[in-house]
Amino acid sequence: MARRRRELESADIPLPRDTRVITVVNQKGGVGKTTTAVNLAASFAQAGANVLLIDLDPQGNASTALGIDHHADIVSSYDVMIDGAEIAGTVQASPEDERLSCLPSTIHLAGADLELATRDRREFVLRDALQDYLMEREDLHYVFIDCPPSLGLLTINAFTAATEVMIPIQSEYYALEGVTQLLDTIHRIQQHLNPQLDLSTVVLTMYDGRTILSKQVADEVRKHFPEQALETVIPRSVRVSEAPGFGQTVVTYDPNSPGALSYREAAKEIAQRGVAR
Ligand code: ATP
Ligand code: MG
């Protein structure tokens with residue numbers, strides 16, 4: 001552990017030249033999307049990057065984990081998606097880190113799919129709003145978009161607004177269930193809505209090194225995604241699941257726990273691969 005910590009402290013975590021907009025997606029529920037999005041966002045901020053997290057899930061778990069109040073009355077990603085609110089007036093600073101901000105979500109977002117359904121350019125609402133915001137925020141290095149567990153219009157907006165897709169995969173039975181449908185959807189988005197979209201990263205979550213099952217899932221995932229699967233895997237760890245209860249990421253809550261170190265190592269790998277590409 002001490003060695004991993006020292007290596008991280010002396011690590012080269014290069015900043016990207018252009019803003020990387022990474023949408024974290026898997027229509028399977030509970031695989032670690034939110035946990036991955038908030039902990040990577042916090043890891044990058046800690047490493048000196050300016051980071052925005054967009055919470056696009058009505059559950060608002062990412063907002064909670066970043067210590068942001070998201071009761072029904074605040075302006076939120078709902079107002080951006082439905083009422084034309086600007087992102088600039090809607091983001092909040094996260095108490096996690098001065099370089100980290102969050103566009104929170106509220107429960108109102110649960111109706112957004114239906115409200116968007118009949119509009120023109122309904123697939124591009126987030127992209128248009130984010131492009132406006134990025135004109136003012138050229139200093140932003142990373143944007144993470146936390147998606148709900150579905151492939152509805154909110155997730156399609158996330159795909160359209162992003163430059164990259166990251167898929168978290170839980171080290172469990174049926175880990176790859178639904179992945180074919182997800183890849184088909186990404187392919188269709190690339191063909192029709194966002195040709196630049198790059199499936200850049202696959203990350204294994206809740207990995208238990210003691211079980212054969214976890215190793216089998218890891219092998220299978222690496223076979224499917226030889227280019228995209230990170231070397232770093234995220235271990236199953238109680239500290240990771242406790243942190244949101246304190247309105248914190250594990251990177252802040254217990255920086256030297258195995259989960260925190262793994263997320264920081266994953267951030268390093270993502271930064272280095274990004275520069276290499
Ligand atoms: P949803 O589809 O509902 O949005 P999700 O894909 O965002 O879910 P998370 O909310 O990140 O998944 O994680 C699901 C549950 O697993 C949470 O209770 C979380 O605390 C727990 N969890 C995530 N990663 C880990 C980990 N590495 N170790 C232990 N628990 C974890
Ligand atoms: Mg989630």
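The values are calculated or read from the model by the stated rules, or taken from the named source; none is laboratory data. Nothing here was measured: the structure is a model prediction, and the numbers come from that model. A quick note on method: Cβ atoms are made from the backbone with ideal geometry, for glycine too, and the neighbour counts reach across all protein chains shown. These area figures cover heavy atoms from the full protein model, side chains too; ligands, DNA and RNA do not enter into them. Shrake-Rupley method; radii C 1.70, N 1.55, O 1.52, S 1.80 Å.
Brief remarks follow.
- Those residues of segment 9-26 which are of a type outside the set (Val, Ile, Thr) and crowded, with 19+ Cβ neighbours inside 10 Å, in sequence order: ARG20, ASN26
- Of all the residues in segment 64-117, those that are among the polar types (S, T, N, Q) and open to solvent by 20 Å² or more (accessible area, probe 1.4 Å) number 2.
- Residue in segment 105-120 that is touching a Ser or Thr at 6+ places or on another chain (Cβ under 9 Å), assigned to a loop (DSSP other than H, G, I, E, B), modelled with pLDDT of 95 or more and within 27 Å of VAL251 (Cα to Cα) present: yes
- Looking across segment 38-60 at every residue that is part of a helix (DSSP H, G or I) and polar (S, T, N, Q), the one that is nearest to GLY245 (Cα to Cα) is identified as ASN39.
- Filter result for the condition that a residue is within 20 Å of the chain's Cα centre (by Cα), within 16 Å of ligand 1 (Cβ to nearest atom) and under 21 Å from ALA62 (Cβ atoms), over VAL233, VAL221, VAL250, VAL238: VAL250
- Scanning segment 154-174 for residues that are within 15 Å of ligand 1 (Cβ to nearest atom) and open to solvent by 10 Å² or more (accessible area, probe 1.4 Å) yields GLN170, GLU172, TYR174.
- Scope segment 133-153; condition within 12 Å of ligand 1 (Cβ to nearest atom) and among the small types (Gly, Ala, Ser); matching residues: SER150
- Here THR35 fulfils each of the conditions (1) in a helix (DSSP H, G or I); (2) open to solvent by 10 Å² or more (accessible area, probe 1.4 Å); (3) in contact with a Gly (Cβ under 8 Å, 6 or more places away or on another chain) apart from (3).
- Members of segment 43-58 found to be out of contact with any Phe, Trp or Tyr (no Cβ under 8 Å at 6 or more places or on another chain) and among the aliphatic types (A, V, I, L, M), listed by number: ALA45, ALA47, LEU56
- Within segment 148-167, residues that are under 11 Å from SER200 (Cα atoms) have Cβ atoms under 7 Å from residues that are part of a loop (DSSP other than H, G, I, E, B) and within 14 Å of ligand 2 (Cβ to nearest atom) in these pairs: VAL165/VAL25; ILE167/VAL25; ILE167/ASN26, counting only partners at least 6 apart in sequence or on another chain.
- All of (1) more than 16 Å from ligand 2 (Cβ to nearest atom); (2) in contact with a strand residue (DSSP E or B) (Cβ under 9 Å, 6 or more places away or on another chain) hold for CYS102 with one exception: (1).
- Count of residues meeting criterion [more than 14 Å from the chain's Cα centre (by Cα) and more than 16 Å from ligand 2 (Cβ to nearest atom)] in segment 6-58: 19
- All positions within segment 197-218 that are over 18 Å from the mean Cα position of the chain (by Cα) and away from ligand 1 (no atom under 16 Å from the Cβ): ILE212, LYS215, GLN216
- Residue in segment 209-232 that is open to solvent by 20 Å² or more (accessible area, probe 1.4 Å), closer than 24 Å to GLU9 by Cα, of a type in the set (D, E, K, R) and at pLDDT 95 or above present: yes
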